[in-house]
Structures are given as C-alpha cells and as structure tokens.
1. Of K406/K432; K175/K266; K66/K138; K28/K406; K97/K217; K138/K182, which ones are farther than 31 Å apart at the Cα?
2. Ordered by residue, what ³J(HN,Hα) values in Hz, to whole numbers, does region 17-27 give under the Karplus form 6.51 cos²θ - 1.76 cosθ + 1.60, where θ = phi - 60° and Gly and Pro are x?
3. Over all Cα pairs of the chain, how is the pair count split among 20 Å bins, expressed in % and running from 0 up to the last occupied bin?
4. If you keep only loop residues by DSSP, which trypsin sites (Lys or Arg not before Pro) in region 178-275 have at most 14 other Cβ atoms within 10 Å of their Cβ?
5. Give me the 1.4 Å probe accessible area per residue for the chain, excluding ligands and nucleic acids, in Å².
6. What share of all Cα pairs of region 1-50, in percent, falls into each consecutive 10 Å distance bin?
7. Checking the a/c ratio against 1.5 first, then a/b against b/c, what shape does the Cα gyration tensor give for region 130-176?
8. What relative contact order, as a whole-number percentage, does the chain give when Cα pairs under 8 Å and 6 or more residues apart are counted?
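The values are calculated or read from the model by the stated rules, or taken from the named source; none is laboratory data. Everything numeric in this text was worked out from a predicted model, so none of it was measured. A quick note on method: Cβ atoms are made from the backbone with ideal geometry, for glycine too, and the neighbour counts reach across all protein chains shown. Keep in mind that these areas ignore ligands, DNA and RNA; they rest on the heavy atoms of the full protein, side chains included. Shrake-Rupley method; radii C 1.70, N 1.55, O 1.52, S 1.80 Å.
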Amino acid sequence: MAQKPSIPKGTRDFSPLEVQRRQYIMNKIQRHFELYGFMPIETPSFENSDTLMGKYGEEGDRLIFKILNSGEYLKKADPELLETGKENQLTAQISDKALRYDLTVPFARYVVQNQNDITFPFKRYQMQNVWRADRPQKGRFREFTQCDADVVGSNSLFQEVELVQLYDTVFTDLKLKACTIKINNRKVLAGIAEVMGAEDKLIDFTVALDKLDKIGKEKVQEEMLSKGINQQAIDILDPVFSLSGSYAEKIASMKELLKNSEIGLKGIEELEFINTSITQMPLKSAVLDLDITLARGLNYYTGCIFEVAAPEGVAMGSVGGGGRYDDLTGIFGLKDVSGVGISFGLDRIYLVLEQLDLFPDSVRAGVEVLFINFGMKEAQYCSLWLSRFRESGIKTELYPDAAKMKKQMSYADRNAIPYVILAGEDEITTGKLNLKNMASGEQSLLTPEEIISKLS
C-alpha cells in the first residue's frame, strides 16, 4: 500500500488563491519599499553555521535548523562525542551549514562582503523565506516569509521616524487600519537593569520581560528569579509593569525611574525625538505607542525597537518588528557601521486580512474569461480573439476539448471564473460573441471590442 503523502509540521502548501493573495500583499509592501528608496537584494537560503550561531541569543540558537554535512558525516565525528552524547560539540563536527533564521544577519554578512561595491548609507529591502525550529501554532510557522527593509551606515534617528511612517503607509494601503506600532529602546532597558542592580543579567532580564504579553507578570518574575535576579531588584520593576497613560505621560514616569541612569535617559531622549517628529507629521491610520515592556529577545538590538500589533480584537501575534543595531557588521569585521531595520510578517498579515475580509474581490486566482469549446471550427474562431484579450490584460483561456456544455460550465463554476464566452454558428456569422455573467446568469451579444472594453 502506498504511503500517504504529507509535509513537515510548520510548513504549508499554497493554493492558487492563496498565492495570489500573498502576492497582493508583497506587491503593496514592495511598492512602498521602493517609494522610500530601498533597493532589492537576495541572499542564499542557507549560510555557514558560524555566520548565524551566537547572533540571536541562546533561545534563538536552539531554533536554527542545522544542515547535515554531505557524505559520511559521522565518520568525521569524534567517537568519544558520539558515545557521551555531547550534542553541541557533536553538531559542530557533523554540520557546518544552517538555514537562515532571519534576513538581518545575512544582510550584515552581505554588507561586509560587498562593502567596496555599495554606497553608504545603504538602503535595502529583501523578501524571502526564513526557517525556525519553533513549535507550530496559529500564526507561527517553521517556514515563513519575511519582508525586510534596513538602512546601514547612518546613525540618524530620522531613519527610525521614516520606518514608523513606512509601517503606517503600508498598513493603510492594505486597509489594515488601527494597527499599533509599539516602540521601546534597548538603552532604556539597560537603564532599568542598571537601576535594578542587574546589569550583568541584562540578557536574562530582557528575554524574560519580552514574554510578558505571552505568560504574564507572575511567570516573568519567576523566570527572572530562576536566572538569579533577586526579588528586591524585581520589585523595582513594579512601576514598569503598571505603566499607563499617553506616550508623553509614560516618558515622564520613566524619566523619574531612570533619573540616575545616563544610558537610560539617553534612550528616553531618543524616544522623545521620534514621538515629537511623528506628532509633527501625523500617521495616517496607525497608532504609535510606547511599550516599556517590549524587549525583542534578539541580542543584536542596541537602540530603538519596534513591534506592530494587529487591530484590537484580532487574536494574532505581532505582524511586524525590528530595531536599531549599532554594530551588527562588527561581528564580521566591519566596525562602527550602525543600522536599523523593520520586518513585515507576510504570513500573519495574510491571516489578519483574511479574518477581517480585507482582500479585494479583484485579488483572485485563475482566469477571468473562459471561451466555451463547441468544436474545431468554433474553437479556431475563438482562438483568433484569445491573444487580443490577453494583450488587453484580461486573463483568458479556451476550454481544450469540445466536451459537453455541462462539463465546461462546471469547470468555470468550480474555478470561480466570472465570465464565459459562447461562440457558435450565429456568433461567427455576425462577428460577435455571447458574454455570460456566471454570477447573474445574464447574457449579452457583443462585439469582441465591446467585451474587451467592458472587462479591461
């Protein structure tokens, strides 16, 4: 008995309609990327392991898909490691490549390798798949598409301002209004850790804090305790957990908490600048919100960080995120090149648009017009017009066989083709075509030019 086919968990096949809808989103994003001056690049699906490992923190490293070396990889492994089961050391001997975890680290590698051929500041966008060995659930996949825009070679906070505006512009164009663009600053988080007396636990502190909206305050506190952050230090966080009010009111509260932290106040200053700039150039439909608990658990962020939440009432994780990284290229030997970037989560945006029924009716799979095949003579007559219809931008096909009318109509119906054209002896004699609207059943005898005008 043949084995039932399947695909790995966390991956998906896409139907024609799904592909069309995904392309609709990507086209919108790409258009605005280019309007903002970003240029496209692409990088390989997999990188050398040492390019990726150690860039995302301990949790991120665990989610990287490793690729086994070609050939008899076990022969090159240390027998002692095989016996003792020391996984980390053994993995390094049998795998030297990995699927990319995100697009940012490969971009940093690209910049360093091509530094003599690009002009700084360099603005690039990239729309490709990434892979994470995560636990699959709604809105979380092991293979998914990221749409990134980054600028490297500029320290200016105007870049952050533009990225906030870019988020707003794209989501407004997708009719996805009332998204919340959450913003924080890693310098603020470093300042909080300093005030807590937990500077040496900054990574543990931020990783735990980043889970607040997922596991709640008590669980976050438990994780911090388990990482060696004492209760007295955690108690200092209470004002952060209960922070509320407008952007300006939150800033005022944080200034008081961080009054003795130079780095923390620097972060507050940057957040104030962005808010002031956005106030002067109001967003179209999104809301900018200061979220001090936002941490984004990636080690390379050093300044402002972003996360975009879907409109209220939509049960979905973030649909975008990003931030400032002051020296990501430094890990590859190119020092003092600051960068900042954001990412659009295509797959989650798709689910949100689907849930809110925001895909236009015009975004559909398949053809718009099907010519019915009555036989060789009629098919040849229809063929004369196929190219004209297609040249006019109308997706058109001729049913390949002179099958029964019921079968051809069923084909059109099952494929949601909105119009069929019937051309029999009478139509050929008059040089016209019979256009049938499949939804209403209405038929019109028209010239081919009139049909093209109607459907173009």
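1. Beyond 31 Å between Cα atoms: K175/K266; K28/K406; K97/K217.
2. 5, 5, 4, 4, 5, 5, 5, 4, 5, 5, 5
3. Reading the bins upward from 0: 20, 44, 25, 10, 1.
4. For trypsin sites (Lys or Arg not before Pro) across region 178-275 that sit outside H, G, I, E and B with at most 14 neighbouring Cβ atoms in 10 Å, the list reads K227, K259.
5. Normalised by residue count, the accessible surface of the chain is 51 Å².
6. 17, 25, 35, 17, 5, 1
7. Verdict is oblate for region 130-176.
8. Over the chain, the number comes to 16 percent.
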